[in-house]
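The values are calculated or read from the model by the stated rules, or taken from the named source; none is laboratory data. Please read these numbers as outputs of a predicted model, since none were measured by experiment. Positions of Cβ are backbone-derived with ideal geometry, glycine not excepted, and every protein chain shown enters the neighbour counts. When the accessible area is computed, the model is the full protein with side chains, heavy atoms only, and any ligands, DNA or RNA have been set aside. Shrake-Rupley method; radii C 1.70, N 1.55, O 1.52, S 1.80 Å.
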Amino acid sequence: MKQLLVLLGMIAGALQIEDNKIPSLCSGHPGLPGTPGVHGSQGLPGRDGRDGRDGAAGGQGEKGEMGPPGVPGLRGDTGSSGLNGLPGEKGAPGECAVAPRSAFSAKLSEERSPPAADQPVRFDEVLLNEQGHYDPATGKFTCEVPGLYYFAVHATVYRTSLQFDLVKNGRSVASFFQFYGNWPKPASLSGGSLVRLEPEDEVWVQVGVGDYIGFYSSVKTDSTFTGFLVYSYWQNSAVFA
């Protein structure tokens, strides 16, 4: 047993000598700090830490620039029909839908006095005058619709010869004559002509100078003056502009 204790004491002394420690009964002064050691090599990466808490929402950023147009999409299905819209405004007047009209017919009343020479013959009994273009008080037709007209005169000739003119604005358009040979019964004289008229033109019948004024009218025979529009020039007239 003693030998074991001695052996342990020798081992402990050897260890103190290796550590530069001299056994002593009293502690010595601390030695000078040693030089820093060499940096060791980088250790292995540590494990990933836990996810942190969500941060507060940041403020709205500035508006970015507009991106380029995208590729056109596929054509969609045809939609259902919409509601009818409101009526549009009334358009400008178009061309005349109904052809202009102008017509009249009048006859002499039963009278014995002959018409005055170089004056319009007043056919004073109106047979037709819907547009009012003929004036029985003057015996004149006044044009309101420009165009081509036809005028006709049928005269009963009695007691004397007859010569009359179809007159436009004071100038003779056509002249007609019937000799009366003292026959026991009346004779007749008819004539007519196409006349081109413009608004405000006037047409009438006029007997010649002298004894040729044999217009006659009775219960059984008449003398008439008739006129009507054949076709109009309304497209080129200021009246219908």
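Here are a few things to note about the model shown:
- Evaluation of ALA241 against the conditions (1) modelled with pLDDT under 95; (2) exposed (fewer than 15 other Cβ atoms within 10 Å of the Cβ); (3) in contact with a helix residue (DSSP H, G or I) (Cβ under 6 Å, 6 or more places away or on another chain) shows that the sole unmet condition is (3).
- Selection count where residues are open to solvent by less than 70 Å² (accessible area, probe 1.4 Å), part of a strand (DSSP E or B) and without any contact (Cβ under 8 Å) to a residue 40 or more places away in the chain, scope the range 158-171: 2
- Single residue of the range 146-157 satisfying the filter (at pLDDT 95 or above and in contact with a Pro (Cβ under 9 Å, 6 or more places away or on another chain)) that is surrounded by the most Cβ atoms within 10 Å (Cβ to Cβ): PRO146
- Neighbours by Cβ (under 7 Å, 6+ apart or cross-chain): first from the range 42-54, small (Gly, Ala, Ser); second open to solvent by less than 100 Å² (accessible area, probe 1.4 Å) and part of a loop (DSSP other than H, G, I, E, B): none
- Among the residues of the range 185-205, the ones that are open to solvent by 20 Å² or more (accessible area, probe 1.4 Å), modelled with pLDDT of 95 or more and either touching an Asp or Glu at 6+ places or on another chain (Cβ under 8 Å) or of a type in the set (D, E, K, R) (or both) come to 6 in all.
- Test: residue in the range 80-92 that is within 30 Å of ARG196 (Cβ to Cβ) and open to solvent by 70 Å² or more (accessible area, probe 1.4 Å): yes
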